[in-house]
Amino acid sequence: TNVSRLPEPTPMKLAAVLPLLFIAAPIALGRSIREGDCEVCLKTVQKFIDAAKKANAKSPTKIENIIEKECAKFKDTKETRLCYYLGATPDAATRMIQSVSKPMSFHLPAKKICEKLKKKDAQICQLRYDKPINLEGVNLKKMRVKQLKNILSKWGEKCTGCTEKRDYVKLVESLKPKYAAKPAADEL
């Protein structure tokens with residue numbers, strides 16, 4: 001009987017197939033960032049890139065200084081958390097800031113930098129901005145105190161002496177004309 005067998009793989013055939021595997025593997029694994037992923041990283045790194053261009057900083061050391069200065073300016077908790085993960089805050093446990101400054105010095109776009117950061121620390125891409133609250137059609141009396149405190153913290157305000165929910169509601173209603181008229185930068 002003549003049984004058909006597969007030909008034995010030769011080193012030449014393996015050498016031809018091996019490069020194809022290296023090309024196809026990253027595509028199959030889906031290493032790139034999808035739409036909606038890493039939104040905090042993308043926006044924050046783009047702010048770093050813009051600040052570095054404005055200051056005409058090209059060396060990684062100068063870029064690191066700019067990143068630290070930018071992180072000190074951030075008021076949004078998600079952006080400050082990203083700075084903490086990168087090690088750009090004084091209280092940070094680790095220091096990964098070189099993972100941002102070096103690629104920036106090579107003029108890599110924010111998306112590529114965030115892809116590299118995602119490989120090093122998955123938490124970086126898990127940060128998401130809070131959904132904006134439309135205060136026009138909302139009954140503040142039905143909101144939770146935590147939500148009212150969150151609104152005040154986004155505005156950079158604190159309720160000193162507030163002990164009850166109605167104190168928070170009064171303060172938010174009194175500050176509403178000042179802050180609700182203009183949308184916040186992260187809500188756009």
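Every read-out reported here was derived from the displayed coordinates using simple, explicitly stated rules and does not represent laboratory data. Everything quoted here is computed from the prediction, not taken from an experiment. So basically every Cβ, Gly included, is an ideal-geometry build from the backbone, and we count neighbours across all protein chains shown.
Here are some notes:
- If a spin label sat at a point 7 angstrom from the Cα of H107 along the line to its beta carbon, the backbone N atoms of the range 47-65 nearer than 19 Å would be those of 47-64.
- Taking GluC sites (Glu not before Pro) across the range 62-164, the ones in a DSSP loop with at most 12 further Cβ atoms lying within 10 angstrom of their Cβ are E136, E164.
- Placing unit charges on the Cβ atoms only, positive for Lys and Arg and negative for Asp and Glu, gives the range 74-156 a dipole magnitude near 240 debye about its Cα centre.
- Sparse-neighbour loop sites [trypsin sites (Lys or Arg not before Pro); the range 101-160; at most 12 other C-beta within 10 Å; DSSP]: R128, R144, K158
- Each of T160 and A122 was given a label point 7 Å from its Cα along the Cα-to-Cβ line. The distance between the two points is 4.4 nm.
- For the cross-link pairs K78/K149; K120/K154; K69/K158; K54/K131, the ones whose C-alpha atoms lie over 28 Å apart are K120/K154; K54/K131.
- Alpha-carbon Debye profile of the range 67-188, log10 I(q)/I(0) at 0.10 Å⁻¹: -0.44
- For the range 41-107, trypsin sites (Lys or Arg not before Pro) are listed when DSSP marks them as loop and at most 14 other Cβ atoms sit within 10 Å of their Cβ; the list is K58, K75, R95.
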